[in-house]
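Read through the structure below, which is laid out as structure tokens, and then see the notes.
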Amino acid sequence: MKKVLVFGSTGSIGKNSLDCLRKSREDFKVIGLCAYSNTRVLMSQVKEFSPRYVCVVDEKSAKDFESACDRGVTLFKGKEGLKEFSQLSSDISVMGISGISALEPLLANIRRTKRVALANKETIVCGGSFVFSQARKYKTEILPVDSEINALYQLLGSGKRFERVYLTASGGALFDYTPKALEGVSVKDVLKHPTWDMGARITIDSATLLNKGFEAIEAHNFFNLKFDDIGIVIHRESKIHALAQFQDKTILACMYPADMRIPIAFALYYPRRCLNRIGIDFSKAFSFTFLPLPRKRFPLLEMIIDAAKKEDNSLVCLNACDEKAVDYFLKKKIKFTDIYKAMDYMYGHYLSKKLSSVGDIFYWNNWASKKTEEYLKTLC
Ligand code: NDP
Ligand code: MG
């Protein structure tokens, strides 16, 4: 019986993980759940899974939760509580906290767990080298949950030599919009992802394709691939998640339905395969499309890959800028296209510095976040 901690249990990844775990009670025991402030969902999860440990990061929500919490549960509260929760031992930890806030708990938890099922991507984009060196030091396995990276893991894990890989992109909610039409899109329009049901930020990042840039950076970090060997192809159906090409141009594809429970279960069970009922249905006709990436329409993808090649603090600054700009857009303070303006502004104004410690990541994250906010206020 493997002991599992779920970080970000109330989010999209967290809920999908718990759905896998509820079907596998003989293999896994959920020992800890952690959320930011959604105590309503957290409470129902606690009732169902009876974890020994619970963490609520928002102080006020933690106080409310405490009064409703059972005596048998150890409750960790606030940011300090998250630090302690991250030091609990587990066999597997699912990292489903969104944003750069996942970095400290991830680094702390790598010391205490045998395997991280890693969904969070901002930690790899901003601090990949720190995360992987910590994992090497403590001999902790990191299994990618992000579907494209998980698919690459399944393809490249065979140890075969490939010359090039492709990540697929659905193109997001606005793929068919003209540049002019993008000006007027609403939050609701952008959140209508054609194939995936995910948290708000990643859904918006899928529409700008910044998310695909993040995935190229994940692929680079996980598999030591050169950026020039990572292609991106539009595949609207999101059934093939990655492809790997040999030098004789034979291509292997990794295909499964657009359902995050599949890569999550893969990461929980690896190297075993779990019994799954959510397969692709070949009893109905369907076809796949592949389109070349219209690069010019997605300037943030180009920008983020360009930044990644600099090997400086630019990825931290751009991630912080995007996080802030997406938050402003979700709160309807700016237009969708202002996200592009903010990113252009940040890329033109950040000061290039090397990152020599995790502290540097937080320094530049805070710097860029403030700078973005100042800029966004001029657009509101
Ligand atoms: P959600 O916004 O749906 O969920 C985020 C979770 O993290 C919630 O449980 C939230 O708690 C918690 N959280 C937020 N901030 C903090 C914090 N400061 N401290 C502790 N917990 C916090 O995000 P997703 O599940 O969509 O995404 C999670 C990560 O996985 C992201 O990095 C995303 O890019 C990545 N990912 C997601 C995919 C998906 O299908 N959703 C696919 C591939 C990657 P609360 O609910 O209380 O606010
Ligand atoms: Mg993905």
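Could you please put H235, H349, H193 in sequence from largest to smallest accessible area, using a 1.4 Å probe? Walk me through the numbers on the way to the answer.
Working: H235 0, H349 90, H193 30 Å².
Greatest to least solvent exposure: H349, H193, H235.
To check my understanding: the extent here is largest minus smallest coordinate of the Cα atoms along each principal axis. What are those three numbers for the range 144-188, in Å, largest first?
47, 22, 10
Please grab the % of Cα pairs in the chain that end up more than 31 Å from each other. Intermediate results must be reported in sequence, preceding the final value.
Numbers: 25561 of 72010 pairs.
Cα-Cα pairs in the chain separated by more than 31 Å: 35 percent.
Under a Cβ-only charge scheme (Lys and Arg +1, Asp and Glu -1), can you give me the dipole magnitude of the chain about the Cα centre, in debye to the nearest 20?
Details: 57 positive and 43 negative charges, 134 e Å.
So the dipole magnitude of the chain works out to roughly 640 debye.
What distance in nm lies between label points placed 7 Å from Cα along the C-beta direction at I251 and K332?
Going by the 7 Å Cα→Cβ label model, 4.3 nm.
Taking only C-alpha pairs under 8 Å that are 6+ residues apart, what is the relative contact order of the chain in percent?
On the way: 652 pairs, mean separation 52.4, N = 380.
It rounds to 14 percent for the chain.
Just name one of A181, L225, T195: the one whose Cα is farthest towards the positive end of the charge dipole of the range 137-267 (beta-carbon charges, Lys/Arg +1, Asp/Glu -1).
Among A181, L225, T195, the one farthest towards the positive end of the dipole of the range 137-267 is L225.
Evaluate E = 1/(1 + (r/R0)^6) for R273 and N366, where r is the Cβ-Cβ distance and R0 equals 56 Å; express this FRET efficiency to the nearest 0.05. Numbers along the way, then the final one.
Working: r = 43 Å, r/R0 = 0.77.
That gives a FRET efficiency of 0.85.
Could you list, in their original order, any pairs among K331/K371; K192/K335; K77/K137; K341/K370; K60/K324 whose Cα atoms are separated by more than 25 Å?
Values: K331/K371 18 Å; K192/K335 17 Å; K77/K137 29 Å; K341/K370 16 Å; K60/K324 23 Å.
Table pairs above 25 Å Cα-Cα are K77/K137.
Ignoring ligands, DNA and RNA, please state the percent of accessible area on the chain from carbon and sulfur, probe 1.4 Å.
Numbers: 8940 of 17760 Å².
Within the chain, the accessible surface is 50 percent carbon and sulfur.
Lys/Arg Cβ at +1, Asp/Glu Cβ at -1, dipole of the chain taken about the Cα centre: which of Y328, G81, N150 is farthest positive-ward?
G81
Take the chain, connect every pair of alpha-carbon atoms lying under 10 Å apart with a spring to form a Gaussian network, then pick out the residue of T74, T208, T168 with the largest mean-square fluctuation.
Highest fluctuation among the options: T74.
How much accessible area per residue does the chain have, counting only protein heavy atoms and a probe of 1.4 Å, in square angstrom? Numbers along the way, then the final one.
Values: 17760 Å² over 380 residues.
Here the residues of the chain average 47 Å² of exposed surface.
Is the shape of the range 6-117 rounded, prolate or oblate, going by the alpha carbon gyration tensor and its root eigenvalues a ≥ b ≥ c, with a/c under 1.5 for rounded and a/b larger than b/c for prolate?
Details: a/c = 1.45, a/b = 1.09, b/c = 1.33.
Because its axes are fairly even, with a/c under 1.5, the range 6-117 counts as rounded.
Starting from 0.36 nm per residue, how many nanometres of slack lie between L351 and E59 once their C-alpha separation is accounted for? It would help to have the intermediate numbers written out before the result.
On the way: separation 292, 0.36 × 292 = 105.12 nm, distance 3.42 nm.
Extra length from L351 to E59 when fully extended: 101.7 nm.
No partner Cβ under 4.7 angstrom, meaning no disulfide-compatible partner by this rule: which Cys of the chain qualify?
Taking the Cβ cut-off of 4.7 Å, the unpaired cysteines of the chain are C20, C69, C126, C254, C274, C317, C321, C380.
Quick one: length gained pulling E66 to W196 fully straight, 0.36 nm per residue minus the C-alpha distance? Please list the in-between numbers first.
Working: separation 130, 0.36 × 130 = 46.80 nm, distance 3.43 nm.
Roughly 43.4 nm would be gained on extension.
Which lysines, if any, have their Cα less than 19 Å from the Cα of K139, not counting same-chain residues under 8 positions apart?
Those lysines meeting the cut-off are K2, K3, K114.
Specify whether the C-alpha gyration tensor of the range 326-369 places it in the rounded, prolate or oblate class, a ≥ b ≥ c being the square roots of the eigenvalues: rounded for a/c under 1.5, otherwise prolate if a/b is larger than b/c and oblate if not. Don't skip to the end; give the middle numbers.
Numbers: a/c = 4.31, a/b = 1.94, b/c = 2.22.
Here the range 326-369 falls in the oblate category.
For the chain, return all DSSP H helices satisfying: extent of Cα atoms along own axis at least 27 Å; mean Kyte-Doolittle hydropathy at least 1.0. Present the calculation step by step, with values, prior to reporting the outcome.
Working: long enough: 358-379 (32 Å, -0.70).
Both cut-offs are met by no helix.
Taking the Cα centre of the range 87-216 as origin and charging only Cβ (+1 Lys, Arg; -1 Asp, Glu), how large is the dipole, in debye to the nearest 20? Working shown, then result.
On the way: 16 positive and 13 negative charges, 122 e Å.
The dipole magnitude comes to about 580 debye.
Calculate the dipole size of the range 139-195 relative to its Cα centre from +1 charges on Lys and Arg beta carbons and -1 charges on Asp and Glu beta carbons; express the result in debye to the nearest 20.
On the way: 7 positive and 7 negative charges, 35 e Å.
Here the range 139-195 has a charge dipole of around 160 debye.
Measuring from label point to label point, each 7 Å out along Cα→Cβ, what is the S24 to K79 span in nm?
3.4 nm
Provide the convex hull volume over Cα atoms per residue for the range 232-380, in Å³. Don't skip to the end; give the middle numbers.
Values: hull volume 30.6 nm³, N = 149.
Considering the Cα atoms of the range 232-380, their hull volume per residue is 206 Å³.
Tell me the relative contact order for the range 133-283 as a rounded percent, counting alpha carbon contacts under 8 Å between residues six or more apart. Spell out each step's value before the answer.
Working: 192 pairs, mean separation 50.1, N = 151.
Computed over the range 133-283, the figure is 33 percent.
Mean separation of Cα pairs under 8 Å and 6+ residues apart, divided by the residue count of the range 223-366: what relative contact order is that in percent? Each step should come with its number before you reach the end.
Numbers: 109 pairs, mean separation 28.4, N = 144.
Relative contact order comes out at 20 percent.
Rounded to the nearest 10 Å², what accessible area does Y345 show when all protein chains are kept and the probe is 1.4 Å?
Its heavy atoms expose roughly 50 Å² to the probe.
Please compute the length gained on full extension between N224 and S287, using 0.36 nm multiplied by the number of residues separating them and subtracting their Cα-Cα distance. Before the final figure, lay out each step's value.
Working: separation 63, 0.36 × 63 = 22.68 nm, distance 3.27 nm.
That works out to 19.4 nm of additional length.
The values are calculated or read from the model by the stated rules, or taken from the named source; none is laboratory data. In this text the structure is predicted, and so the values were computed from the model without any measurement. FYI the Cβ positions are ideal-geometry reconstructions off the backbone, even for glycines, and counts take in every protein chain you see. Surface areas here come from the heavy atoms of the whole protein model, side chains and all, with no ligands, DNA or RNA. Shrake-Rupley method; radii C 1.70, N 1.55, O 1.52, S 1.80 Å.
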